[in-house]
1. Is it the case that residue 196 is assigned to a helix (DSSP H, G or I) and under 21 Å from residue 298 (Cα atoms)?
2. Name every residue in the stretch 307-360 that is in a loop (DSSP other than H, G, I, E, B) and in contact with a helix residue (DSSP H, G or I) (Cβ under 7 Å, 6 or more places away or on another chain), in order of residue number.
3. Given the conditions (1) part of a helix (DSSP H, G or I); (2) modelled with pLDDT of 85 or more, report the number of the one that residue 292 does not fulfil.
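The values are calculated or read from the model by the stated rules, or taken from the named source; none is laboratory data. If you're wondering where the values come from, they're calculated on a predicted model, not measured in any experiment. Glycine gets a Cβ as well: all are built from the backbone with ideal geometry, and neighbour counts include every protein chain shown.
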(Lines give C-alpha, C1' and ligand atoms only; values in the text may rest on other atoms or scores of the structure.)
Protein backbone atom coordinates (compact mmCIF):
# COMPACT_ATOMS: atom_id res chain seq x y z
CA UNK A 1 0.00 0.00 0.00
CA UNK A 2 1.08 3.64 -0.58
CA UNK A 3 0.41 4.33 3.10
CA UNK A 4 3.05 1.82 4.01
CA UNK A 5 5.54 3.44 1.60
CA UNK A 6 4.89 6.88 3.08
CA UNK A 7 5.39 5.60 6.61
CA UNK A 8 8.75 3.91 5.88
CA UNK A 9 10.73 6.85 7.35
CA UNK A 10 8.57 6.58 10.45
CA UNK A 11 9.35 2.88 10.84
CA UNK A 12 13.09 3.51 10.26
CA UNK A 13 13.20 6.37 12.76
CA UNK A 14 11.57 4.15 15.37
CA UNK A 15 9.23 6.91 16.38
CA UNK A 16 6.68 6.23 19.10
CA UNK A 17 3.22 5.04 18.07
CA UNK A 18 1.52 8.30 19.08
CA UNK A 19 3.90 10.35 16.88
CA UNK A 20 3.28 7.86 14.03
CA UNK A 21 -0.41 8.53 14.34
CA UNK A 22 0.25 12.31 14.19
CA UNK A 23 2.40 11.92 11.10
CA UNK A 24 -0.35 9.87 9.48
CA UNK A 25 -2.77 12.74 10.10
CA UNK A 26 -0.39 15.28 8.57
CA UNK A 27 0.14 13.29 5.41
CA UNK A 28 -3.34 14.13 4.16
CA UNK A 29 -2.74 17.94 4.16
CA UNK A 30 0.85 17.81 2.84
CA UNK A 31 0.05 15.73 -0.22
CA UNK A 32 -2.12 18.40 -1.89
CA UNK A 33 0.38 21.23 -1.26
CA UNK A 34 3.21 19.38 -2.95
CA UNK A 35 0.91 18.13 -5.73
CA UNK A 36 3.10 15.14 -6.37
CA UNK A 37 0.54 12.34 -6.32
CA UNK A 38 -3.16 13.10 -6.00
CA UNK A 39 -4.14 9.38 -6.05
CA UNK A 40 -1.77 8.62 -3.18
CA UNK A 41 -3.11 11.60 -1.25
CA UNK A 42 -6.66 10.30 -1.64
CA UNK A 43 -5.68 6.88 -0.33
CA UNK A 44 -3.72 8.32 2.60
CA UNK A 45 -6.55 10.64 3.59
CA UNK A 46 -8.98 7.72 4.00
CA UNK A 47 -9.73 7.13 7.65
CA UNK A 48 -9.48 3.60 9.04
CA UNK A 49 -12.89 2.17 9.80
CA UNK A 50 -11.94 -0.73 12.03
CA UNK A 51 -9.44 -1.41 14.81
CA UNK A 52 -7.69 -3.87 12.51
CA UNK A 53 -6.90 -1.09 10.00
CA UNK A 54 -5.56 1.17 12.79
CA UNK A 55 -3.29 -1.55 14.16
CA UNK A 56 -2.08 -2.36 10.66
CA UNK A 57 -0.77 1.21 10.27
CA UNK A 58 1.20 1.08 13.54
CA UNK A 59 4.82 -0.16 13.75
CA UNK A 60 5.27 -3.80 14.80
CA UNK A 61 6.87 -2.87 18.16
CA UNK A 62 3.89 -0.80 19.35
CA UNK A 63 2.97 -1.53 22.94
CA UNK A 64 -0.60 -2.38 23.98
CA UNK A 65 -0.95 1.05 25.55
CA UNK A 66 0.09 2.71 22.28
CA UNK A 67 -2.31 0.50 20.34
CA UNK A 68 -5.16 1.45 22.68
CA UNK A 69 -4.40 5.19 22.42
CA UNK A 70 -4.22 4.96 18.64
CA UNK A 71 -7.57 3.19 18.45
CA UNK A 72 -9.20 5.78 20.71
CA UNK A 73 -7.72 8.60 18.61
CA UNK A 74 -8.98 7.23 15.30
CA UNK A 75 -12.22 5.51 16.27
CA UNK A 76 -14.82 7.54 18.15
CA UNK A 77 -17.19 5.43 20.27
CA UNK A 78 -20.73 6.83 19.94
CA UNK A 79 -22.69 7.66 23.04
CA UNK A 80 -24.88 4.80 24.25
CA UNK A 81 -28.51 5.72 24.81
CA UNK A 82 -30.24 3.14 26.97
CA UNK A 83 -33.96 2.45 26.65
CA UNK A 84 -35.90 4.45 29.22
CA UNK A 85 -39.35 3.21 28.27
CA UNK A 86 -41.61 1.43 30.75
CA UNK A 87 -40.83 -2.28 31.08
CA UNK A 88 -44.34 -3.72 31.23
CA UNK A 89 -43.09 -7.32 31.16
CA UNK A 90 -40.72 -6.77 34.08
CA UNK A 91 -37.95 -8.77 32.47
CA UNK A 92 -35.55 -10.50 34.90
CA UNK A 93 -32.25 -8.67 35.56
CA UNK A 94 -33.67 -5.19 34.83
CA UNK A 95 -34.31 -2.59 37.48
CA UNK A 96 -37.84 -2.18 38.68
CA UNK A 97 -39.98 0.46 37.02
CA UNK A 98 -40.62 2.30 40.32
CA UNK A 99 -36.88 2.51 41.14
CA UNK A 100 -35.98 3.97 37.73
CA UNK A 101 -38.79 6.47 37.49
CA UNK A 102 -39.40 7.25 41.13
CA UNK A 103 -43.18 7.31 40.89
CA UNK A 104 -46.11 4.98 41.33
CA UNK A 105 -47.39 3.38 38.15
CA UNK A 106 -50.84 1.96 37.45
CA UNK A 107 -51.49 -1.65 38.29
CA UNK A 108 -51.36 -2.77 34.66
CA UNK A 109 -47.72 -1.59 34.59
CA UNK A 110 -46.79 -3.18 37.92
CA UNK A 111 -48.49 -6.53 37.22
CA UNK A 112 -48.20 -8.29 33.88
CA UNK A 113 -50.31 -11.07 32.42
CA UNK A 114 -48.19 -13.86 33.95
CA UNK A 115 -47.70 -12.33 37.42
CA UNK A 116 -50.03 -14.76 39.19
CA UNK A 117 -49.08 -17.80 37.15
CA UNK A 118 -46.95 -20.04 39.38
CA UNK A 119 -45.94 -22.25 36.46
CA UNK A 120 -44.50 -19.42 34.35
CA UNK A 121 -41.07 -18.34 35.55
CA UNK A 122 -39.17 -16.65 32.74
CA UNK A 123 -36.06 -16.27 34.88
CA UNK A 124 -35.63 -20.03 35.17
CA UNK A 125 -33.45 -21.45 32.43
CA UNK A 126 -34.49 -24.86 31.15
CA UNK A 127 -31.77 -26.93 29.55
CA UNK A 128 -32.75 -30.04 27.66
CA UNK A 129 -30.09 -32.53 26.75
CA UNK A 130 -30.25 -35.45 24.35
CA UNK A 131 -32.59 -36.07 21.45
CA UNK A 132 -36.35 -36.44 21.32
CA UNK A 133 -37.51 -40.03 21.66
CA UNK A 134 -40.38 -41.82 19.99
CA UNK A 135 -43.75 -41.28 21.69
CA UNK A 136 -45.24 -44.19 23.57
CA UNK A 137 -47.94 -45.82 21.39
CA UNK A 138 -51.51 -45.83 22.64
CA UNK A 139 -52.77 -48.92 24.44
CA UNK A 140 -55.85 -49.74 26.46
CA UNK A 141 -53.74 -50.33 29.55
CA UNK A 142 -52.70 -46.66 29.60
CA UNK A 143 -56.24 -45.36 29.09
CA UNK A 144 -57.60 -44.02 32.37
CA UNK A 145 -61.24 -44.30 31.28
CA UNK A 146 -60.87 -47.96 30.32
CA UNK A 147 -59.00 -48.73 33.55
CA UNK A 148 -61.69 -47.08 35.66
CA UNK A 149 -64.41 -48.91 33.70
CA UNK A 150 -62.82 -52.33 34.19
CA UNK A 151 -62.14 -51.57 37.84
CA UNK A 152 -65.77 -50.56 38.39
CA UNK A 153 -66.94 -53.74 36.61
CA UNK A 154 -64.68 -55.85 38.81
CA UNK A 155 -65.97 -54.24 42.01
CA UNK A 156 -69.60 -54.59 40.96
CA UNK A 157 -68.99 -58.18 39.89
CA UNK A 158 -67.36 -59.06 43.21
CA UNK A 159 -70.16 -57.45 45.25
CA UNK A 160 -72.91 -59.07 43.15
CA UNK A 161 -71.19 -62.44 43.29
CA UNK A 162 -70.96 -62.28 47.06
CA UNK A 163 -74.70 -61.52 47.35
CA UNK A 164 -75.84 -64.11 44.77
CA UNK A 165 -73.92 -67.24 45.71
CA UNK A 166 -77.07 -69.20 46.52
CA UNK A 167 -78.69 -68.22 43.23
CA UNK A 168 -75.58 -69.23 41.25
CA UNK A 169 -75.42 -72.62 42.99
CA UNK A 170 -79.09 -73.24 42.18
CA UNK A 171 -78.61 -72.30 38.54
CA UNK A 172 -75.60 -74.62 38.23
CA UNK A 173 -77.68 -77.47 39.56
CA UNK A 174 -80.43 -76.68 37.07
CA UNK A 175 -77.98 -76.97 34.16
CA UNK A 176 -77.28 -80.67 34.80
CA UNK A 177 -80.70 -81.44 36.25
CA UNK A 178 -83.43 -82.59 33.88
CA UNK A 179 -86.46 -80.49 34.91
CA UNK A 180 -90.05 -81.52 34.80
CA UNK A 181 -92.62 -79.69 32.78
CA UNK A 182 -94.09 -78.01 35.82
CA UNK A 183 -90.75 -76.89 37.29
CA UNK A 184 -90.24 -73.15 37.33
CA UNK A 185 -87.28 -71.13 38.64
CA UNK A 186 -88.36 -68.07 40.56
CA UNK A 187 -85.89 -65.19 40.52
CA UNK A 188 -85.85 -62.02 42.56
CA UNK A 189 -85.36 -58.55 41.10
CA UNK A 190 -81.80 -58.43 42.46
CA UNK A 191 -80.92 -61.69 40.73
CA UNK A 192 -82.32 -60.43 37.44
CA UNK A 193 -80.29 -57.21 37.76
CA UNK A 194 -77.19 -59.28 38.56
CA UNK A 195 -77.60 -61.37 35.43
CA UNK A 196 -78.35 -58.31 33.30
CA UNK A 197 -75.15 -56.69 34.54
CA UNK A 198 -73.17 -59.80 33.65
CA UNK A 199 -74.69 -59.81 30.15
CA UNK A 200 -73.57 -56.20 29.64
CA UNK A 201 -70.15 -57.13 31.02
CA UNK A 202 -69.92 -60.05 28.57
CA UNK A 203 -70.76 -57.74 25.64
CA UNK A 204 -68.16 -55.20 26.81
CA UNK A 205 -65.44 -57.82 27.17
CA UNK A 206 -66.23 -59.27 23.74
CA UNK A 207 -66.09 -55.76 22.27
CA UNK A 208 -62.66 -55.18 23.83
CA UNK A 209 -61.43 -58.52 22.51
CA UNK A 210 -62.70 -57.72 19.00
CA UNK A 211 -60.98 -54.32 19.12
CA UNK A 212 -57.66 -55.86 20.20
CA UNK A 213 -57.88 -58.47 17.45
CA UNK A 214 -58.67 -55.82 14.83
CA UNK A 215 -55.78 -53.53 15.80
CA UNK A 216 -53.38 -56.47 15.88
CA UNK A 217 -54.26 -58.35 12.68
CA UNK A 218 -56.42 -56.08 10.51
CA UNK A 219 -55.56 -52.38 10.88
CA UNK A 220 -54.73 -49.78 13.51
CA UNK A 221 -55.87 -46.73 11.51
CA UNK A 222 -59.54 -45.81 11.79
CA UNK A 223 -61.67 -42.87 10.80
CA UNK A 224 -62.46 -42.33 14.48
CA UNK A 225 -59.62 -40.94 16.59
CA UNK A 226 -61.03 -42.12 19.92
CA UNK A 227 -60.39 -45.82 20.53
CA UNK A 228 -63.03 -45.91 23.25
CA UNK A 229 -65.64 -45.09 20.62
CA UNK A 230 -64.45 -48.08 18.58
CA UNK A 231 -64.76 -50.31 21.65
CA UNK A 232 -68.26 -48.89 22.16
CA UNK A 233 -69.24 -49.77 18.58
CA UNK A 234 -68.08 -53.37 19.02
CA UNK A 235 -69.95 -53.46 22.33
CA UNK A 236 -73.17 -52.38 20.61
CA UNK A 237 -72.69 -55.04 17.92
CA UNK A 238 -72.47 -57.85 20.49
CA UNK A 239 -75.32 -56.37 22.53
CA UNK A 240 -77.52 -56.33 19.43
CA UNK A 241 -76.49 -59.92 18.66
CA UNK A 242 -77.63 -61.26 22.04
CA UNK A 243 -80.76 -59.09 22.06
CA UNK A 244 -81.89 -60.30 18.62
CA UNK A 245 -81.12 -63.91 19.50
CA UNK A 246 -83.08 -63.61 22.76
CA UNK A 247 -86.09 -62.21 20.91
CA UNK A 248 -85.92 -65.07 18.40
CA UNK A 249 -85.77 -67.64 21.20
CA UNK A 250 -88.81 -66.15 22.93
CA UNK A 251 -90.87 -65.97 19.71
CA UNK A 252 -90.04 -69.46 18.45
CA UNK A 253 -90.27 -71.24 21.80
CA UNK A 254 -93.57 -69.55 22.71
CA UNK A 255 -95.03 -70.42 19.33
CA UNK A 256 -94.03 -74.11 19.23
CA UNK A 257 -93.57 -75.18 22.86
CA UNK A 258 -95.73 -72.91 25.03
CA UNK A 259 -95.06 -69.95 27.32
CA UNK A 260 -94.01 -72.04 30.37
CA UNK A 261 -91.16 -73.85 28.61
CA UNK A 262 -90.19 -70.68 26.75
CA UNK A 263 -89.84 -68.80 30.06
CA UNK A 264 -87.86 -71.67 31.54
CA UNK A 265 -85.34 -71.66 28.69
CA UNK A 266 -85.21 -67.83 28.63
CA UNK A 267 -83.95 -67.74 32.22
CA UNK A 268 -81.42 -70.44 31.44
CA UNK A 269 -80.24 -68.58 28.30
CA UNK A 270 -79.74 -65.39 30.35
CA UNK A 271 -77.66 -67.32 32.87
CA UNK A 272 -75.54 -68.91 30.11
CA UNK A 273 -74.67 -65.53 28.59
CA UNK A 274 -73.86 -64.15 32.05
CA UNK A 275 -71.61 -67.15 32.72
CA UNK A 276 -69.78 -66.47 29.46
CA UNK A 277 -68.97 -62.96 30.70
CA UNK A 278 -67.67 -64.36 33.99
CA UNK A 279 -65.42 -66.86 32.21
CA UNK A 280 -63.84 -64.41 29.78
CA UNK A 281 -63.34 -61.58 32.31
CA UNK A 282 -60.00 -62.90 33.69
CA UNK A 283 -58.54 -63.64 30.25
CA UNK A 284 -59.38 -60.13 28.99
CA UNK A 285 -57.65 -58.56 32.00
CA UNK A 286 -54.56 -60.66 31.37
CA UNK A 287 -54.75 -59.78 27.67
CA UNK A 288 -54.80 -56.04 28.37
CA UNK A 289 -52.41 -55.65 31.29
CA UNK A 290 -49.99 -58.58 30.92
CA UNK A 291 -49.42 -58.77 27.14
CA UNK A 292 -50.95 -62.19 26.67
CA UNK A 293 -50.65 -63.49 23.11
CA UNK A 294 -53.85 -63.18 21.12
CA UNK A 295 -53.40 -66.71 19.81
CA UNK A 296 -53.52 -68.07 23.35
CA UNK A 297 -56.56 -65.95 24.18
CA UNK A 298 -58.26 -67.11 20.94
CA UNK A 299 -57.92 -70.76 21.99
CA UNK A 300 -59.51 -69.90 25.33
CA UNK A 301 -62.40 -68.03 23.66
CA UNK A 302 -63.06 -70.94 21.31
CA UNK A 303 -63.06 -73.33 24.26
CA UNK A 304 -65.58 -71.17 26.16
CA UNK A 305 -67.84 -70.89 23.09
CA UNK A 306 -67.78 -74.65 22.48
CA UNK A 307 -68.63 -75.44 26.12
CA UNK A 308 -71.44 -72.87 26.03
CA UNK A 309 -72.91 -74.29 22.84
CA UNK A 310 -72.73 -77.87 24.11
CA UNK A 311 -74.54 -76.95 27.33
CA UNK A 312 -77.13 -75.01 25.35
CA UNK A 313 -77.66 -77.99 23.06
CA UNK A 314 -78.12 -80.26 26.07
CA UNK A 315 -80.66 -77.94 27.73
CA UNK A 316 -82.60 -77.58 24.49
CA UNK A 317 -82.93 -81.37 24.34
CA UNK A 318 -83.79 -81.62 28.04
CA UNK A 319 -86.50 -78.95 27.96
CA UNK A 320 -88.09 -79.26 24.51
CA UNK A 321 -87.22 -82.58 22.82
CA UNK A 322 -86.59 -85.11 25.62
CA UNK A 323 -90.12 -86.50 25.61
CA UNK A 324 -90.55 -86.47 21.81
CA UNK A 325 -87.20 -88.00 20.87
CA UNK A 326 -86.92 -86.13 17.54
CA UNK A 327 -83.19 -85.89 16.85
CA UNK A 328 -83.49 -84.20 13.44
CA UNK A 329 -85.73 -81.46 14.79
CA UNK A 330 -83.35 -80.50 17.58
CA UNK A 331 -80.44 -80.34 15.10
CA UNK A 332 -82.40 -78.05 12.81
CA UNK A 333 -83.56 -75.95 15.78
CA UNK A 334 -80.03 -75.64 17.12
CA UNK A 335 -78.56 -74.71 13.75
CA UNK A 336 -81.28 -72.14 13.05
CA UNK A 337 -81.09 -70.33 16.39
CA UNK A 338 -77.46 -70.88 17.46
CA UNK A 339 -75.14 -71.62 14.54
CA UNK A 340 -76.71 -69.32 11.92
CA UNK A 341 -76.74 -66.20 14.21
CA UNK A 342 -73.12 -66.94 15.11
CA UNK A 343 -72.16 -67.09 11.43
CA UNK A 344 -74.07 -63.85 10.78
CA UNK A 345 -72.14 -62.20 13.60
CA UNK A 346 -68.89 -63.41 12.01
CA UNK A 347 -69.95 -61.72 8.77
CA UNK A 348 -71.17 -58.47 10.35
CA UNK A 349 -67.94 -57.78 12.26
CA UNK A 350 -65.72 -57.59 9.13
CA UNK A 351 -68.26 -55.24 7.53
CA UNK A 352 -68.14 -52.98 10.58
CA UNK A 353 -64.32 -52.99 10.52
CA UNK A 354 -64.22 -52.21 6.77
CA UNK A 355 -66.57 -49.27 7.25
CA UNK A 356 -64.43 -47.84 10.08
CA UNK A 357 -60.88 -48.39 8.88
CA UNK A 358 -58.99 -45.97 6.64
CA UNK A 359 -58.28 -47.43 3.21
CA UNK A 360 -55.11 -46.06 1.64
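1. Details: assigned to a helix (DSSP H, G or I): yes; under 21 Å from residue 298 (Cα atoms): no.
For residue 196, the condition - assigned to a helix (DSSP H, G or I) and under 21 Å from residue 298 (Cα atoms) - is not met.
2. None; the set is empty.
3. It fails just one condition, (1).
Rundown of residues vs (1) modelled with pLDDT of 70 or more; (2) surrounded by fewer than 11 Cβ atoms within 10 Å (Cβ to Cβ); (3) assigned by TED's automatic domain parsing to the domain that holds residue 307, yes/no style:
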residue: 116; (1), (2), (3): no, yes, no
residue: 125; (1), (2), (3): no, yes, no
residue: 129; (1), (2), (3): no, yes, no
residue: 154; (1), (2), (3): yes, no, yes
residue: 160; (1), (2), (3): yes, no, yes
residue: 174; (1), (2), (3): yes, no, yes
residue: 180; (1), (2), (3): no, yes, yes
residue: 183; (1), (2), (3): no, no, yes
residue: 196; (1), (2), (3): yes, no, yes
